[in-house]
Number of protein chains: 2
Amino acid sequence: MTTTGKRWMMSAIGQPLLQHSFELTAPAAGEATVEIAGCGVCHTDLGYYYDGVRTNHALPLALGHEISGRVVAAGSGAESWLGRAVIIPAVIPCGQCDLCRRGKGTICPNQKMPGNDIQGGFATHITVPTQGLCVVDESRLKQAGLSLADVAVVADAVTTPYQAVIQAGVRPGNLVVVNGVGGVGGYCAQIATALGATVVAIDVDPTKLASIAAVRGAAKTINAREVEPREMKRVVGAFATERGLSSKEWIIFECSGTAAGQQTAFGLLVHGATLAVVGFTMDKVEIRLSNLMAFHARALGNWGCVPELYPAALDLVLDGRIQLRDFVEQHPLDSINQVFEDVHARRLSRRAVLIP
Amino acid sequence: MTTTGKRWMMSAIGQPLLQHSFELTAPAAGEATVEIAGCGVCHTDLGYYYDGVRTNHALPLALGHEISGRVVAAGSGAESWLGRAVIIPAVIPCGQCDLCRRGKGTICPNQKMPGNDIQGGFATHITVPTQGLCVVDESRLKQAGLSLADVAVVADAVTTPYQAVIQAGVRPGNLVVVNGVGGVGGYCAQIATALGATVVAIDVDPTKLASIAAVRGAAKTINAREVEPREMKRVVGAFATERGLSSKEWIIFECSGTAAGQQTAFGLLVHGATLAVVGFTMDKVEIRLSNLMAFHARALGNWGCVPELYPAALDLVLDGRIQLRDFVEQHPLDSINQVFEDVHARRLSRRAVLIP
């Protein structure tokens with residue numbers, strides 16, 4: 001194992017990220033050092049970098065929380081992890097507290113998020129607790145035609161909507177609406193389809209709608225620019241009728257993370273509906289909250305994904321039920337400043353994964 | 001049995017309610033005619049009468065959906081109900097459809113609400129399906145010092161928050177906040193306390209706060225006029241710390257049915273919180289919906305209560321774990337126009353029950 005790692009550090013909002021070297025010390029008990037295969041660029045990273053959302057760890061800090069790689073050093077009690085290909089959860093709960101024991105690791109007060117609470121994944125190496133690491137079966141990975149770097153995005157873009165879909169209780173025969181089929185929403189649509197739901201995908205970008213239709217992740221696509229917001233419910237309802245699906249109990253995933261998208265999603269409430277709030281925006285929206293009462297509906301927030309659900313989400317990828325390849329593109333980690341700019345300017349239509 | 005009944009009919013918004021006579025025909029198969037003991041006046045009735053909220057049944061219509069009474073005639077197959085003291089559910093699901101069979105009677109498409117879908121309870125008699133009727137044990141009623149008319153309010157004011165409390169999963173040791181402790185919220189606080197939660201009651205009316213404290217329905221009361229909205233979370237948090245309760249997973253019941261109250265309630269979200277939307281207002285509110293995501297919280301709407309839960313809610317009343325007496329006052333049905341005016345002008349501090 002080399003004794004020096006490299007990280008690309010954020011020192012201030014919008015200032016160029018700079019490469020730093022750091023010493024690779026031996027991991028502590030229960031921890032492992034992972035040689036990073038790839039780290040995905042998420043809009044959360046851009047929020048820290050461009051919008052001044054504060055990281056919990058003081059700057060300078062390496063961002064990045066969608067990480068895959070191989071364990072190259074292990075602390076006491078973690079020796080069995082040595083050499084394994086792994087995905088690091090975007091949010092690593094402590095696994096010990098009362099909340100973790102009740103399956104509520106996403107609100108664990110001791111949780112660590114790389115690139116927020118601890119040094120992140122835009123680096124050659126990262127040291128993390130082994131708690132929650134997800135093993136990647138490399139023979140299945142190869143059969144699926146994927147590289148270890150490709151599955152970095154499982155750590156957030158795939159597992160976050162996976163947990164939202166599980167939490168919402170999606171079942172075969174459900175009508176699911178996914179609003180916003182970009183980085184996270186596209187996988188949300190694919191996951192809901194894989195679990196037997198009939199999916200309506202809504203977006204303002206016809207390219208994204210075409211991509212999700214091409215991998216059979218949606219049974220119907222709607223360009224939100226072509227339908228009046230107040231007509232959207234009628235259009236979805238007509239599709240439900242056409243397919244013999246219920247006019248009640250729709251499950252709506254808001255993945256656009258925009259105020260306009262949240263308005264659209266809230267406007268789709270029907271009796272017994274579930275609205276899953278997956279995307280994030282600082283913007284407020286003006287809504288009739290009482291509609292939740294009048295429709296006996298519910299709105300479920302979702303933060304990350306507990307490590308317990310990672311293996312099942314990864315299975316869908318390795319079984320080919322979720323297509324990753326068309327939604328991911330690799331770039332050298334050295335080009336991080338250019339890639340951040342390109343993602344921010346929405347010049348990339350696929351998720352960027354940075355390769356050290 | 002008499003052959004003629006009387007109803008107080010609404011013919012147009014705000015026009016005096018007028019007494020009409022109607023013929024008591026024999027109930028159809030599976031139906032029963034109930035001689036009404038009392039019918040509570042709910043804000044939903046005022047919404048129809050003053051605010052122009054439309055009833056599903058065309059006018060003229062007798063309003064009223066909080067009904068208790070005695071079965072005086074029964075159709076074929078319903079004979080066993082004859083003579084029984086009963087509470088009529090405010091929302092009567094069909095009991096037969098797929099939704100009803102899955103315990104989702106509140107969104108049953110064939111549900112009937114007296115005073116909305118069918119002739120209501122401001123009358124001497126009403127004919128309803130026996131599906132969902134809740135039997136009242138008259139010896140326990142007497143022991144509790146209550147009359148059959150008193151428990152009319154179980155049909156909405158008690159059971160609606162009861163279902164909301166069950167749906168939210170309130171358990172011993174929970175910190176529960178009830179915002180608005182009037183007709184519905186007061187019972188909500190009492191129910192949550194009865195189930196072992198520690199309840200913080202918030203209202204703008206010191207009389208209501210004193211009443212709920214007097215029956216030990218709340219461990220702490222907060223006058224919302226004396227605390228800045230942005231300070232409210234800190235004040236509740238300090239109380240949680242004082243009692244050794246968690247700073248996460250608060251369960252917040254919004255029962256004020258006002259935009260200001262919904263803002264307050266939404267502002268109390270903490271990690272893993274549940275916000276139960278029990279009160280109704282047509283007004284919209286401006287909120288950061290994404291906070292549900294950031295806190296991994298949820299908002300649960302609640303419409304009425306399925307009949308299956310009525311016996312357990314009534315048990316709490318008959319066991320004295322919910323105090324009704326101090327929150328109910330009886331008035332003659334003949335004074336309905338005056339009582340509507342008094343309730344509308346908020347001149348009554350207790351729930352009015354009209355007695356034929």
Considering chain B as a Gaussian network with a 10 Å cut-off on Cα pairs, which listed residue, B:R234, B:R298, B:R321, attains the greatest mean-square fluctuation?
B:R234
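Please give the FRET efficiency for B:R321 paired with B:R243, using the beta carbon to beta carbon distance and R0 = 22 Å, rounded to the nearest 0.05.
0.60
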Would you tally the net charge around B:Y162, using a Cβ to Cβ cut-off of less than 12 Å, leaving B:Y162 out, and scoring K and R as +1, D and E as -1?
-2
Here the tail fraction of P(r) beyond 20 Å, over all Cα-Cα pairs of the range B:186-296, rounds in percent to 38 percent
Rg and Dmax in Å for the range A:249-296, alpha carbons only: what are they?
10.3, 28
Quick check for me: using +1 on Lys/Arg Cβ and -1 on Asp/Glu Cβ, what's the dipole size of the protein assembly as shown about its Cα centre, in debye to the nearest 20?
260 debye
Summing +1 per Lys or Arg and -1 per Asp or Glu among the other residues with Cβ less than 9 Å from A:F327's Cβ gives +1
Taking every other residue with Cβ under 11 Å from the Cβ of B:S256 and scoring Lys and Arg +1, Asp and Glu -1, one gets -2
Among the Cα-Cα pairs of the range B:248-356, the proportion with separation greater than 18 Å, in percent, is 66 percent
Compactness check, chain B: C-alpha Rg relative to the 2.2 N^0.38 Å globular estimate gives 0.99
Most mobile of A:L289, A:L46, A:L245 in a GNM of chain A (Cα contacts under 10 Å)
A:L289
Taking only Cα atoms, what is the 0 to 90° angle, nearest 10, from helix B:229-242's long axis to the longest principal axis of chain B?
80 degrees
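Give the percent of DSSP beta bridges with both residues in the protein assembly as shown that are antiparallel, rounded to the nearest 5.
Details: 68 of 122 bridges.
In the protein assembly as shown, DSSP labels about 55 percent of beta bridges as antiparallel.
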Surface/4 estimate of mean projected area, convex hull on alpha-carbon atoms of the range A:43-177, nm²
10.8 nm²
Out of B:V91, B:V165, B:V236, any idea which swings most in a Gaussian network model of chain B, alpha carbons joined below 10 Å?
B:V236
For the range A:72-141: Kirkwood Rh in Å [reciprocal of mean 1/r, alpha carbons]
13.2 Å
With both partners inside chain B, how many of the DSSP beta bridges are antiparallel, as a percent to the nearest 5?
55 percent
Set the Förster radius R0 to 25 Å, insert the Cβ-Cβ distance between B:Q143 and B:D334 as r into 1/(1 + (r/R0)^6), and round the FRET efficiency to 0.05.
0.20
Karplus 3J(HN,Hα) series, Hz, for the range B:76-92 with 6.51 cos²θ - 1.76 cosθ + 1.60 (x for Gly, Pro):
4, x, 10, 4, 5, 7, 3, x, 7, 7, 9, 10, 8, x, 5, 10, 9
How much of the DSSP bridge set in the range A:65-168 is antiparallel, in percent, rounded to the nearest 5?
90 percent
Would you grab the residues whose amide H sits under 5 Å from the one on A:V91? Only those 5+ places off in sequence or on another chain, please, with H modelled 1.01 Å from N.
A:C305
Counting pairs of alpha carbon atoms under 8 Å apart in space and at least six apart in sequence, what relative contact order in percent does the range A:66-198 give?
23 percent
Would you mind computing, in nm to one decimal, how far apart the modelled labels at A:A210 and A:D283 are, each placed 7 Å from Cα along Cα→Cβ?
2.6 nm
Would you kindly derive the ³J(HN,Hα) couplings of the range A:317-333 from the backbone phi angles with the Karplus curve 6.51 cos²θ - 1.76 cosθ + 1.60 (θ = phi - 60°), listing them in order in whole Hz, with x for Gly and Pro?
5, 5, 7, x, 7, 10, 7, 9, 3, 6, 10, 10, 9, 9, 9, x, 4
I want to verify the translational diffusion coefficient of the protein assembly as shown in µm²/s; compute it with Stokes-Einstein, Rh as the Kirkwood radius over Cα pairs, at 20 °C and 1.002 mPa s.
78 µm²/s
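Each reported figure results from applying straightforward, stated rules to the coordinates on display, with no laboratory input. If you're wondering where the values come from, they're calculated on a predicted model, not measured in any experiment. Neighbour counts are summed over all protein chains in view; Cβ atoms, including those assigned to glycine, are modelled from backbone coordinates with ideal geometry.
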